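Before any comments, here is the structure.
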Amino acid sequence: MMPRPKRFARRCSGGRHVVTTPRLALRSLTVADLPLAAAAASDREAQRWLGWKREDLVAEEERDRLLSAPAGRGRARFGLPSRCVPTGMLAVDPENGLPAGILWLTPESPDLCELGGYLAPSYRGRGLGAELFAAGLALAQGHLHFTEVRAGVQRENVRCARSLWRAGLDPASGPEKHVLPDGRVIPSDWYSSVVPDPAWCGSAW
């Protein structure tokens, strides 16, 4: 019998953030979540696009164990939060508490951040990519006061590009090629969302 999912906090506080979509609940990533973050994208399909180094991948048996158990509540922190360092969010299925994906925001300037993310294997193909990226926009522009959010995608990754567009990002200019961690050079397309009035959430900094 599957354990009951642990409840999330309902609002941002103490530098931790919470974002919800119709089918996902997202909270700030913690040190304890890092194995989940790696497990969710260590399969061959995800690595076709992400291209991590071999030593960063999680073995299949360990992946299955990590992704089949409800995620914790995320009380352990990385330390003092900051807009100057990457911000990670764990996406959880609110129905069963299982980890569904990971979202990252990487600051490039005081007004600009780069968005990235991926879904765990069992949550792909359900249209959840758009919700994941929409949560990233909400976090960046409605919690962290970034005016512009940009995202790069491998040109052949049509599903990801469609998800970015459905989430509210439009085609934009950007570098035509990108080097993955494993050394592969890939053709890239870029998407962007700009708002004139970004906001802060109520979380204390």
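Over the residues of the chain, the helix contribution to mean residue ellipticity at 222 nm works out to -6500 deg cm²/dmol, using -39500 (n - 2.57) for each DSSP H run of at least 4. Other residues within the sphere of radius under 13 Å centred on the Cβ of ALA161, judged by their own Cβ, net out at +1 (K and R +1, D and E -1). The ellipsoid equivalent to the alpha-carbon distribution of region 85-191 has semi-axes of 21, 18, 13 angstrom, derived from the gyration tensor eigenvalues as √(5λ) and listed largest first. Computed extension length for ARG11-LEU112: 33.9 nm, one decimal, from 0.36 nm per residue of separation with the Cα-Cα distance subtracted. Remark on GLY117: its backbone amide H falls under 5 Å from those of TRP104, a criterion applied only to residues 5 or more positions apart or on other chains, H modelled at 1.01 Å from N.
Each residue of region 111-120 was assigned a 3J(HN,Hα) from its phi angle through the Karplus curve 6.51 cos²θ - 1.76 cosθ + 1.60 (θ = phi - 60°); the sequence is 10, 10, 9, 9, 9, x, x, 7, 9, 5 Hz, with glycine and proline shown as x. Taking 0.36 nm per residue of sequence separation and removing the Cα-Cα distance, the SER122/ALA199 pair yields an extension gain of 24.4 nm.
Measuring with a 1.4 angstrom probe and ignoring ligands and nucleic acids, LYS177 comes out at about 150 Å² accessible. Rolled with a 1.4 Å probe across the full set of protein chains, the surface gives SER188 an accessible area near 10 Å².
Sort 117-129, 136-148 by the packing proxy (mean of other Cβ within 10 Å over each peptide's residues), most packed first.
With the highest mean Cβ count within 10 Å placed first, the list reads 136-148, 117-129.
Calculated FRET efficiency, ARG23 and LYS53, Cβ-Cβ r, R0 35 Å, to nearest 0.05?
0.65
Amide H to amide H, with H built 1.01 Å from N, GLY97 comes under 5 Å of no residue 5 or more places away or on another chain.
The values are calculated or read from the model by the stated rules, or taken from the named source; none is laboratory data. Remember, predicted model here, so these are calculated numbers, not experimental data. Quick reminder, even Gly has a Cβ in these numbers, built from the backbone with ideal geometry, and neighbours come from all protein chains shown. Accessible surface areas use protein heavy atoms only, side chains included; no ligands, DNA or RNA. Shrake-Rupley method; radii C 1.70, N 1.55, O 1.52, S 1.80 Å.
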